[in-house]
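The block underneath contains the structure these notes are about, expressed in structure tokens.
Each value in this text was obtained by applying a stated rule to the coordinates, not by laboratory testing. No experiment lies behind these values; they were computed from the predicted model shown.
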Amino acid sequence: MQLLKPLFVLVYALLEAVFSDYNFQCIMNALENGSVSYTLNDTISTGWITLWTKNGTVIVDDEGNMHNDYVVHPVKGGYILRECYDMVVCTIEYPRKGISKNIPCTGDCNISTNTSADGISSINIGIVISICVIFSILLLTLIGFLVCKYCQRSHHIVNSSDVEMQ
């Protein structure tokens, strides 16, 4: 049993080395027109092939042929689909090494992104408002501090002139 322990460590290290270079994630991004881009967070090296499926149905095969009922067009690292679909999976394979990995595109299709007419999301507006409020509080604090210091100096000058007069 003690002899197998180094072997397990070696196998684990090799698998970690293979997949650490290829730690892909699928990113969903809802677009204003209702379509959704599904892209990988990193570029695929040469020798790797991809296959995209939706609920088990192939929507882009390993040769890049697209199912036009679902796919609008390709983008760098992925595809824009007509709408948000559950269970979209990108399978990357490296046939020469016998490596295959499924990368699920997770996200909630029921959550809509609130986007205003000019394309600014409500989250961005909230961040801008928060920053403005914090800046205003800091500015008012600074003004209050300076007014307080000015009043103390004025009071100190008045007190010192009173002392001289007596």
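Observations on the structure shown:
- ³J(HN,Hα) computed for each position of the stretch 36-41 - Karplus, 6.51 cos²θ - 1.76 cosθ + 1.60, integer Hz, glycine/proline x: 9, 8, 10, 10, 8, 6
- Placed amide H near Gly78: partners under 5 Å, 5+ positions off or other chain: Leu40
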